[in-house]
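Each value in this text was obtained by applying a stated rule to the coordinates, not by laboratory testing. Owing to the predicted nature of the structure, the values given are computational and were not obtained by experimental measurement. Because the Cβ atoms are built from the backbone with ideal geometry, glycine has one as well, and the counts that use them run over all protein chains shown.
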Amino acid sequence: MPLFVKARSFLRNLFSTRRVEVDLDQEVHAHLELLTEENMRAGMPPKEAQRAARIELGGIEQVKEQVREERIGNWLHSVISDCRYGIRQLRKNPSFTAVAVMTLALGIGANTAMFSMVYGVVLRPLPFKDAGRLYTLWERNARMGYEQNPPAAGNFRDWRDHNRVFEQMAAFNSTQTFNLAGNSSPERVDGAAVSPELFALLGVSPLIGRAFSSQEDQLGQNRVVLLSYELWQRRFNANPSIVGKPITLDGSNSTVIGVMPLGFHFPGDTGTVLNIFTAPAAQLWVPLALTPKAWSERSSHYLEVIGRLKPGVTPSQAQTEMNSIEDQLVKEYPRDYIGSDVNLVPLHAQVVGSVRSVLLVLFGAVAFVLLIGCANVANLLLARATSRRREVAIRTALGASRSRLVRQLVTESLALAIAGGVLGVLIAAWGISALKLILPDNFPRTADIHMDGSALLFTTLASVATGLIFGLAPAFRASSTDVTKSLKEGDRGTEGFGRNRLRSVLVISQVALAVILLIGTGLMLHSFVRLLQVDPGFKPDHLLTMEISLPDARYPNSQKASFFSLLLEHLRALPEVQSAGAIGHLPLGGDIESYDMEVEGRAKLPNEYANPSCHVVMPGYFEAIKLPLVEGRYFGMRDSSDSPHVLIINDVVAHNVFPRESPIGKRLQLGFNGFTGEIVGVVRHTSHLTLDYAPVEEVYMPYLQAPFWGTMALTIRTASAPLALSRPVREMILALDKDQPVSKIRTMDDVMGASVAALRFRTLLLGLFGLAALLLGGIGIYGVMSYSVSQRTREFGMRIALGADLAQILRLVIAHGLKLTLSGVLIGVAGGLALTRFLRSLLFSISAADPLTFASVALLLTLVAMVACYIPARRATKIDPMIALRYE
Amino acid sequence: MNSEPTTLLQGTLDLLILKSLVTGEMHGLGVSRRIQQITGGTFVVKPGSLFPALHRMEEEGWISSFWGDSENNRRAKYYRLTKAGRKQLEVETTRWGRISWAIAQALEAS
């Protein structure tokens, strides 16, 4: 078959449209004349002959249209002309177009922003070599409720040396911070101490310089450091010759051996352990070098472990192998606190596990908003279709087939949706930056959230899908117009039952979707309020906190205590300071350290009671945070390093360990450097981990007697605004030691705020989506009711003329609106019951089927619907019967 | 007149048009009348079917068109078979022969 003939026709159809059309027109007219002539030859009078010819032809335009539909490339041609026509139509109706495009732009934009988040955080593979084979390993103790306890150093060594399932295994301590001193001002930098093989295990090598060698985890050879790209840029001016030079880290020299690539911050972005602890993004790395004693430790749990599975080994094989090693350990060290088995978590699940469900719920919610928006636009289109019936009828009369009309109307919808999509991309770009502002600090992979090719692809698909969703039904409705009737009735005409039903279906589904979404919002909001109402046990107002970390190199343990004693003494002299103290880990700061505990002279405690979280505090701490004393006394300056060791326990320990006796005077022995002391007081429990965590056992030791670590958080109760004091306090610290950095200067209210940030984030977003749904739903009801009132103008006029009073008219309209709304509410409540169970893990102290929430949402939507109906109902009562009856 | 263009089998119209053009070039009305004549009035091809078919076949390259004068000196668009068209006519004829034979067999079978 001559292909070039086809190609030539295609091009001619596409580009010489006018010539092709003129040719066709002349051909059809010539045909008509030939027919007329034939008829006249058969003896008809000229008029008759012409009429008969026209009848036989069957309509010039119809024939032409049929020819057009057969042409090669007709689809492309008609798409182009449909687009042109559609855009012209949209421009003729700027207000309709603006409302529709804005609705769609907001919906598509919000969806694109959420998609970028889901894609960046959940779907995009982790930036490590063959990341699917990476697992984090934890000690699990089902009996004590621990799912992810970091293993003790000795246990890790046995895991690493005895297993045959992992290619490599590395440990890291992610909680390290370093004092970086040098030419510019001293600062605190987050970092990690890591096994030398960690980088090879992840498949990441330094940008410049080298990674740690296998000997550099030996004490004495470990004074080497790797810098993050960002730290190198910021602090060292991106100077490559820094490699090989010494820097001052925690008061002594370390040699920089390399710089890691941009964006590498492991163990930052490795997710949340136990929903509590999130490793900060590392700015520098040092080798994990432990003393032989530390390596033999079995009860002190602080190392995190990552392993690369050997090819061909399944996770369950690995699980079996690791559990058998752990069993061996438990048998070998019965007195140590060792997990009952090993918990293997895929690295990806570890990183995104806690936020995966949150993001999917939010993504679902925002999709609902878009669907509700679609329903609104579909309603607008339906209303417009009614006023365009005449146009549709004329086009049908001129030979447009139904499919041709549907195509034309859908093209118009697609043009709307694509305009919405283009604007939506801008809104999404803005929305993503806004989202990043409200993301909680410990949200994983925030750097991976941005607009990219996949987000644009999503927007395109979403726009097309949206256009079809809101465009198809109205297009089919509009194209099924009865030609004769429409032409006779003109533009106004009453519309059929079917179209009203479609409208009702749209409004009902809109209300149902809004109800489901609002129920989710309501549950989340309730959780949030309840979380804020949890009594943390202390008074967070008027509290200034900041962290000071004294490096071992310059401060031997004895001097650490005297530094803080001196500092607190100076602080208390400030007139604005009411009381001041310090603690190792701030309450609600997200950190916890647990050690084993025994009552001296008694049998070993049951495991679940024998692992309190331990704190060191300076005198004045309890007074500063106003933690009430239950029994005994607080610490004082008399509890110094050379006086008898003392302890304070919380009421949970008192209840668990000393249920029927006073704990005062009893002696406890702790795994915390073997600290042993006498209980002198009992305080109330605090929410030390997070507000939604059940109270745990806590034991406090005086820092003066146990100055085993250098990092302390000051707690200063002030008479006035706490942050105003941060400057004098800082100056006071620098006066004591000019190289001593201060970090995390915050009020206690901020610390509490940060601890609820995750819930606040999802509550805020769901709240926004819920509000949008409520608004769009209200607008939808309003639109349909106004339309219905204008359609029924004549009926209402008649009723008024026949003596119906205004209240009756009002009732009539509102009853109609309420019927639609209540159907939607019912479906929505049923849908809510089915869907809210996906929220269960995100809720706090509220049932996913909380009747109060369901009822208030139903009521709220009904009220909004009443308001939305009231305005058109008022309009109905103002109808002048005289005008209405004349109204065609 | 009994006209049943809608019941024409797919491809049958093409065959009839090709066949009617074998004797020489013809305008649309001519094709229509010729088909009516050679089918003994069984098929009357209406312009709504005829023109789309003619244009499609022209795009396929089976027929070509030119403007000429009719017997009464009216301008009309004429169609003639191309080489490809003659070949297509053979193909269609064979195909049609096969179909009608098969249908006849089927109907005669008891």
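The Kirkwood hydrodynamic radius of region A:626-755, based on inverse pair distances between different Cα atoms, is 17.0 Å. Using only side-chain charges placed at the Cβ, +1 for Lys and Arg and -1 for Asp and Glu, the dipole size of chain A relative to its Cα centre rounds to 3940 debye. Cα centroid separation, region A:742-787 to region A:1-73: 64 Å. What is the calculated FRET efficiency for A:His645 to A:Gln319, with r their C-beta to C-beta distance and R₀ = 56 Å, to the nearest 0.05? My answer for the efficiency is 0.85.
Mark the label point 7 Å from the Cα of A:Leu764 along Cα→Cβ and return the residues of region A:114-153 whose backbone N is within less than 16 Å of it. Only A:114 fall inside the zone, counting backbone N under 16 Å. Among A:Ile679, B:Ile103, sorting on how many other beta-carbon atoms sit within 10 Å of each Cβ, with the fewest leading, yields B:Ile103, A:Ile679. For chain A, the convex hull drawn through the C-alpha positions has a volume of 240 cubic angstrom per residue. Stretching A:Glu600 away from A:Ala694 to a fully extended chain increases their span by 31.1 nm, per 0.36 nm per residue minus the current alpha-carbon distance. A Förster distance of 51 Å, applied to the separation of the beta-carbon atoms of A:Asn607 and A:Val505, puts the FRET efficiency at 0.25. Cβ crowding within 10 Å ranks A:Met866, A:Met882 as A:Met882, A:Met866, fewest other Cβ atoms first. Between the amide H of A:Thr715 and those of A:Gly581, A:Ala582, A:Ile583, distances stay under 5 Å, these residues lying 5 or more places away or on another chain, with hydrogens modeled in the peptide plane.
Ordering A:Met637, A:Met785 from the fewest to the most neighbouring beta carbons within 10 Å gives A:Met637, A:Met785. How many angstrom lie between the C-alpha centres of region B:54-86 and region B:17-52? Rounded to whole Å, the Cα centres lie 12 Å apart.
In this calculation the C-beta distance from A:Met882 to A:Ser95 is compared with R0 = 30 Å, giving a FRET efficiency of 0.50.
Can you work out D for region A:551-599 in µm² s⁻¹ from Stokes-Einstein, where Rh is the Kirkwood radius over C-alpha pairs, the temperature is 4 °C and the viscosity is 1.567 mPa s? In µm²/s, the coefficient rounds to 95. Scanning chain A for long hydrophobic helices, with DSSP H runs required to stretch 24 angstrom or more by C-alpha along their axis and to average at least 1.0 on the Kyte-Doolittle scale, returns A:94-118, A:347-387, A:402-438, A:453-479, A:497-533, A:757-791, A:806-835, A:851-877.
Extending 7 Å from Cα along the Cβ direction at A:Asp535 and again at B:Arg80 yields two label points whose distance is 10.7 nm.
Over the residues of chain A, the helix contribution to mean residue ellipticity at 222 nm works out to -17500 deg cm²/dmol, using -39500 (n - 2.57) for each DSSP H run of at least 4. Cα-based values for region B:5-108, radius of gyration first and Dmax second, are 14.3, 51 Å. The convex hull of the Cα atoms of region A:44-104, projected and averaged over all directions, covers 7.0 nm². Hey, quick one: spin label on A:Leu859, modelled 7 Å out along Cα-Cβ, who in region A:510-524 has an amide N within reach, i.e. under 19 Å? Counting backbone N atoms under 19 Å from the label point, the list is A:515-524.
Cα centroids of region A:692-729 and region A:309-338: 39 Å apart. Net charge of the neighbourhood of A:Ala758, taken over other residues with C-beta under 14 Å away and scored Lys/Arg +1, Asp/Glu -1, is +1. The Rg/Rh ratio of region A:153-337, with both radii computed over alpha carbons and Rh defined as the Kirkwood radius, is 1.00.
Rg then Dmax, both in Å and based on the Cα atoms of region A:3-72: 15.4, 48.
Summing Cβ point charges (Lys, Arg +1; Asp, Glu -1) relative to the Cα centre of region B:42-110 gives a dipole of roughly 160 debye.
List the lysines whose Cα lies under 25 Å from the Cα of A:Lys92, skipping any in the same chain that are fewer than 8 positions away. Excluding near neighbours in sequence, the set is A:Lys488. For the listed residue pairs A:Lys293/A:Lys560; A:Lys331/A:Lys604; A:Lys604/A:Lys666; A:Lys245/A:Lys293, the alpha carbons are over 20 angstrom apart in A:Lys293/A:Lys560; A:Lys245/A:Lys293. Give the lysines reachable from B:Lys77 as a straight Cα distance under 16 Å; neighbours fewer than 8 places away on the same chain don't count. Straight-line reach from B:Lys77, under 16 Å: A:Lys64.
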